[in-house]
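The values are calculated or read from the model by the stated rules, or taken from the named source; none is laboratory data. Source: prediction; values computed, not measured. With ideal geometry, Cβ positions are generated from the backbone for all residues, glycine too; neighbour counts draw on all protein chains shown. Surface areas here come from the heavy atoms of the whole protein model, side chains and all, with no ligands, DNA or RNA. Shrake-Rupley method; radii C 1.70, N 1.55, O 1.52, S 1.80 Å.
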Amino acid sequence: MEKREMIDLIIQERLSLYFQKNSAPGMARMKRSDAFLALLEEKAPELAEEFQNYLDWIAAHGGDEQEGIYLYGLHDGIRLMKDVIMVA
């Protein structure tokens, strides 16, 4: 196995484990938000749009946070790649 293939496998495995670990809580939160929005539309329709705006605001700011995490992870991956190349 070549160095490049080994690095690709390490990165794929790391991403796979991350997504397996973190997908279930996000789906549960999304279902809970959808259920709350349906209840809000039924009981207080005037607040439903405000709640949707709030969710949009959270998503926008969460995207900024995710971008930072991604860039840090990319930096971490490059550092790992350099270390692996130096060892090999």
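Table: residues versus (1) open to solvent by 100 Å² or more (accessible area, probe 1.4 Å); (2) in contact (Cβ under 8 Å) with a residue 12 or more places away in the chain.
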| site | (1), (2) |
| --- | --- |
| ARG4 | yes, no |
| ASP8 | no, no |
| LEU37 | no, yes |
| ASN53 | no, no |
I need a count of the residues in segment 10-35 that are surrounded by 12 or more Cβ atoms within 10 Å (Cβ to Cβ), more than 30 Å from HIS75 (Cα to Cα) and either touching a His at 6+ places or on another chain (Cβ under 6 Å) or among the hydrophobic types (A, V, I, L, M, F, W, C) (or both). 0
State yes or no: is LEU80 free of Cβ contacts under 8 Å to residues at least 60 places away in the same chain and aliphatic (A, V, I, L, M)? no
Looking at (1) over 30 Å from LEU9 (Cβ atoms); (2) aliphatic (A, V, I, L, M); (3) open to solvent by 70 Å² or more (accessible area, probe 1.4 Å), find the lone condition where LEU71 falls short. (1)
Here the residues within segment 74-88 that are open to solvent by 70 Å² or more (accessible area, probe 1.4 Å) and within 14 Å of LEU15 (Cβ to Cβ) are LEU74
Selection from segment 44-88 of residues that are of a type in the set (Val, Ile, Thr) and more than 13 Å from the chain's Cα centre (by Cα): ILE58, ILE78, VAL84, ILE85, VAL87
Taking the condition open to solvent by less than 90 Å² (accessible area, probe 1.4 Å) and touching a helix residue (DSSP H, G or I) at 6+ places or on another chain (Cβ under 7 Å), does GLY63 pass? no
